[in-house]
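Quick notes on the structure that follows.
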Amino acid sequence: MKLSLVLLAATISTSLATRMAFTRLTSDQQGDVQQKLAKWKALYGPLALKNGFVPPATESLDEDAHSQDELERFHNTILDVQEAARMNPSATFSEFNQFALLNADEFKKVLQESFGDANTTSADPLPQAEQVRATTAIDWSSSKCMSPVMNQGGCGSCWTFSSVATVEMAHCLTTGEPIKLSEQHVLSCDTKSQFGCRGGYPYWAMDWMADGVCTEADYPYTAGTTGTRGTCNDQCTKKKLSIGKTIRTSGDASLVTALTKQPVTVLVEAGNLVWKNYKGGVVTQCPGSDYDHAVMAVGFGTSTDDFFKIKNSWGAQWGENGFMYLKRGLDGRGMCNIAQSVSYPELTGAPSPTSYQPSSSPSSTTSKPSSTTPTPTTPSPQPSSYSPSTTPVTTPSTTTPATPVTTTQEPKTTRKPKTCKPKSSKPVSSTSAIPSTIIPSTITPASSQPSTPPASSKAPAPKGDCHGCTGCYSKSLGSCLSAEYTKDNCASYSYFQTYWCGN
């Protein structure tokens, strides 16, 4: 044990020693970073600006100091990518992502504090027959019941997106009716189980939804751009759902068992360089100590490692088209704490179509993440059935899982749950494939939309050549921003050296 700790300390020391500042690089190395940053600005700069993932304003810096700050930040992200790759040889990472100019502390602030624990009462454990039944690879993302990958935007509403997605799946698996429910309805009106955009408890939200939820069409999501939960509008017609009591459990074996029946909500630790820069493959090492984000687990399988597959709410530009693979088969809390807190609504009956149940026979569809740069696929594929794709794998551990519990009490604590979010734009479904190394050329500066900006003073007069731009020009990005960047808010995006070129 002592030897292991010594070796770990030596590895960390060596890693830290190799993190050379940008100013100490050779001229060729600096040129390489400059070229990559220019490419990032053309491809990801507008997306970062749109979603609010830019460093604090730097009006006090002159042009040279500002450029130096950008290069140092991007260089540090490149080093983070290299470190994440050393930690996770079965996964891929890239500096080409919307978070690339945020340092570690700024990215962690996106997630902030941890969820509090709920007061619960005991329930019967999962039957042993269901535990041994988990002998195949499951991928519920291929089900017709699965909704598209969403983007929670500038609101700490991960608890809403994960719980709504899990309830949608449970209802559809029981009734055969695909539905898209309103995250905004839950966020605005369920005041007992959450703190609005400052986080919430997904298991209590599932209990609240049992009485009915408005559809997305009747109650669209707005908190992604406003950053607030808004006033409850409870006038829309609520969809009655076919779901039972909320089950809570923990442990690797319990998670596998639950996933043989349906997707589930899990809490994970995401405020780290691995999640920030993830592109594909199986994550086998996750820095951090506690969960700070809620996602939906949608399957498990085997490739280079046994894995769990999760669906995030940071948009399809993140990860493998919005999905991630975490190593499976660990004791305790699991990789990135995925097995520490598992919750899902009980199915109210056997699914009508027999195809809902996972097959014990081989399927032509496999559930294998790539260990190299993944080939782009449609983020929300059109599946052939409501059932998950299945493939025989080694039988998971039969260790008796922790006893699940149902949430039957109101919270007795006011401890604030984690804010669990990147501050992005309103939720959108993805319609195009996203390469693992760079964002596709379809995302251009002209297509970017601003998130709600901070209050700012009147936009300053042009500081240089507007290059024909008659609106908000970004000198750093070298482009004229779209019409949504107005004279009033143009100056708010000063990190990208914006100034007004119109009348």
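Test residue 339 against the criterion of being buried (at least 24 other Cβ atoms within 10 Å of the Cβ), out of contact with any strand residue (DSSP E or B) (no Cβ under 7 Å at 6 or more places or on another chain), more than 19 Å from residue 164 (Cα to Cα) and assigned by TED's automatic domain parsing to the domain that holds residue 149, and give yes or no. Against the criterion (buried (at least 24 other Cβ atoms within 10 Å of the Cβ), out of contact with any strand residue (DSSP E or B) (no Cβ under 7 Å at 6 or more places or on another chain), more than 19 Å from residue 164 (Cα to Cα) and assigned by TED's automatic domain parsing to the domain that holds residue 149), residue 339 qualifies.
Among the criteria (1) outside any helix (DSSP H, G or I); (2) crowded, with 23+ Cβ neighbours inside 10 Å; (3) out of contact with any strand residue (DSSP E or B) (no Cβ under 6 Å at 6 or more places or on another chain), the one residue 160 does not fulfil is (1). If you go through segment 30-54 and keep only what is at pLDDT below 85 and within 13 Å of residue 497 (Cα to Cα), you end up with 49, 54. Among the residues of segment 222-244, at least one is farther than 18 Å from residue 147 by Cα and assigned to a strand (DSSP E or B). Of all residues in segment 290-320, those that are modelled with pLDDT of 95 or more and closer than 14 Å to residue 91 by Cα total 5.
Checking every residue in segment 264-279 against the condition of being crowded, with 23+ Cβ neighbours inside 10 Å and more than 23 Å from residue 88 (Cα to Cα) gives at least one match.
Just to be sure I understand the filter: pairs with C-beta atoms under 9 Å, separated by 6 or more residues or on different chains, first member in segment 207-236 and buried (at least 16 other Cβ atoms within 10 Å of the Cβ), second member aromatic (Phe, Trp, Tyr) and in a loop (DSSP other than H, G, I, E, B). Which pairs pass? Between residues of segment 207-236 that are buried (at least 16 other Cβ atoms within 10 Å of the Cβ) and residues that are aromatic (Phe, Trp, Tyr) and in a loop (DSSP other than H, G, I, E, B), the close pairs are 213/219; 229/195. Restricting the search to segment 58-89, which residues are among the polar types (S, T, N, Q), more than 20 Å from the chain's Cα centre (by Cα) and farther than 13 Å from residue 34 by Cβ? Correct list: 58, 60, 76, 82. Of all the criteria given as (1) out of contact with any strand residue (DSSP E or B) (no Cβ under 6 Å at 6 or more places or on another chain); (2) modelled with pLDDT of 90 or more, the one not satisfied by residue 287 is (2). For first residues located in segment 316-336 and within 20 Å of residue 84 (Cα to Cα) and touching a residue at least 24 places away in the same chain (Cβ under 8 Å), partners that are among the hydroxyl-bearing types (Ser, Thr, Tyr) and not in a loop (DSSP other than H, G, I, E, B) and lie 6+ apart or on another chain with Cβ distances below 9 Å form the pairs 318/278; 319/278; 319/325; 320/278; 323/141; 324/278; 328/302. Of all the listed residues (92, 58, 11), the sole one being among the hydroxyl-bearing types (Ser, Thr, Tyr) and modelled with pLDDT of 80 or more is 92.
The values are calculated or read from the model by the stated rules, or taken from the named source; none is laboratory data. Just so it is clear, the model here is predicted, and its values are computed rather than measured. Neighbour counts run over all protein chains shown; Cβ positions are idealised from the backbone, glycine included.
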